[in-house]
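Chemist: Structure below; questions to follow.
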Amino acid sequence: MALTKDKKNKILSELKEKIDRQKVVIFADFTGIKVKDLSNLRKKIKKENGELKVAKKTLARIAFEKVGLKINKEQLKGEAAFVFGYQDQVGPAKILYQFSKANPNFKILGGFLNGELKNDLDIIELAKLPSREELLARFVGSISAPISGLVNVLQGNIKGLIFALSAIKK
């Protein structure tokens with residue numbers, strides 16, 4: 001069924017609003033994916049403060065151009081889904097990468113990161129990065145390691161003194 005001009009304008013304004021708010025946009029080809037799997041993917045992305053939007057490629061291209069982002073026509077193949085990440089750049093990419101490993105028909109095509117067009121390999125590399133929480137945990141661990149080492153060394157001196165005093169006592 002053809003879209004009326006009003007519906008197209010509404011879709012364009014929705015897409016433009018989502019593009020303005022995003023930190024990352026990932027394009028994916030979902031040809032051959034079951035509706036049930038796609039709705040499960042939507043739920044996972046929503047938990048990461050993101051959104052999966054299916055739109056006509058022409059309308060999406062127009063919406064991106066209105067914001068000043070140019071999409072390569074060859075980059076959008078098949079049925080296009082656009083995943084918007086509003087808070088975290090890595091979270092939605094990780095979810096899509098895991099989903100693409102479980103569903104070989106689902107293909108990551110590329111996306112925009114900080115207003116820069118990236119190809120599929122760049123997005124996959126982004127997905128392989130550790131999460132923000134994991135990086136913070138590593139950072140805290142590296143800060144606390146010298147302190148805990150110092151405590152262990154000081155405890156070793158005290159234990160040595162106790163062993164020496166107990167040997168003298170015997």
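Chemist: Taking Arg61 as meeting all but one of (1) of a type in the set (Lys, Arg); (2) more than 24 Å from Glu125 (Cβ to Cβ); (3) surrounded by fewer than 17 Cβ atoms within 10 Å (Cβ to Cβ), write down the number of the exception.
Modeler: Unmet condition: (3).
Chemist: Pairs only if they're at least six apart or on different chains, beta carbon under 6 angstrom, first in the stretch 89-113 and over 22 Å from Lys57 (Cα atoms) and at pLDDT 85 or above, second assigned to a helix (DSSP H, G or I) and small (Gly, Ala, Ser); list them, first residue then second.
Modeler: Matching pairs, first to second residue: Lys94/Ala127.
Chemist: Sticking with this structure for a sec: State all residues of the stretch 20-31 that are at pLDDT 85 or above and surrounded by fewer than 18 Cβ atoms within 10 Å (Cβ to Cβ); if no residue qualifies, say none. Spell out how you get there, then give the answer.
Modeler: In the first step, residues of the stretch 20-31 are kept if they are at pLDDT 85 or above; the result is 24-31.
The answer is Thr31, and nothing else.
Chemist: Let me ask something additional. Do the conditions hold for Glu17, that is, is it surrounded by fewer than 16 Cβ atoms within 10 Å (Cβ to Cβ), farther than 19 Å from Ser131 by Cβ and touching a Ser or Thr at 6+ places or on another chain (Cβ under 6 Å)?
Modeler: Values: surrounded by fewer than 16 Cβ atoms within 10 Å (Cβ to Cβ): yes; farther than 19 Å from Ser131 by Cβ: yes; touching a Ser or Thr at 6+ places or on another chain (Cβ under 6 Å): no.
For Glu17, the condition - surrounded by fewer than 16 Cβ atoms within 10 Å (Cβ to Cβ), farther than 19 Å from Ser131 by Cβ and touching a Ser or Thr at 6+ places or on another chain (Cβ under 6 Å) - is not met.
Chemist: Within the stretch 46-53, does at least one residue satisfy the condition of being open to solvent by less than 70 Å² (accessible area, probe 1.4 Å), part of a helix (DSSP H, G or I), under 23 Å from Lys8 (Cα atoms) and in contact with a helix residue (DSSP H, G or I) (Cβ under 9 Å, 6 or more places away or on another chain)?
Modeler: No.
Chemist: Under 12 Å from the mean Cα position of the chain (by Cα) and among the polar types (S, T, N, Q) - does that describe any residue in the stretch 63-82?
Modeler: Within the stretch 63-82, the first condition is being under 12 Å from the mean Cα position of the chain (by Cα), and the residues that meet it are none.
Scanning the stretch 63-82 turns up no residue that is under 12 Å from the mean Cα position of the chain (by Cα) and among the polar types (S, T, N, Q).
Chemist: Suppose we keep only residues that are within 17 Å of Ala102 (Cβ to Cβ) and hydrophobic (A, V, I, L, M, F, W, C) within the stretch 31-59. Which one would you say is nearest to the chain's Cα centre (by Cα)?
Modeler: Ile45
Chemist: Are there any pairs with C-beta distances below 8 angstrom linking a residue in the stretch 134-158 that is under 30 Å from Val90 (Cβ atoms) to a residue that is open to solvent by less than 70 Å² (accessible area, probe 1.4 Å), with the two at least 6 apart or on different chains, and if so which?
Modeler: If the second residue must be open to solvent by less than 70 Å² (accessible area, probe 1.4 Å), the pairs left are Arg138/Pro130.
The values are calculated or read from the model by the stated rules, or taken from the named source; none is laboratory data. These figures come from a predicted structure and were not determined experimentally. Virtual Cβ from ideal backbone geometry, glycine too; neighbours counted across all protein chains shown. For accessibility, only protein heavy atoms count, side chains too; no ligands or nucleic acids. Shrake-Rupley method; radii C 1.70, N 1.55, O 1.52, S 1.80 Å.
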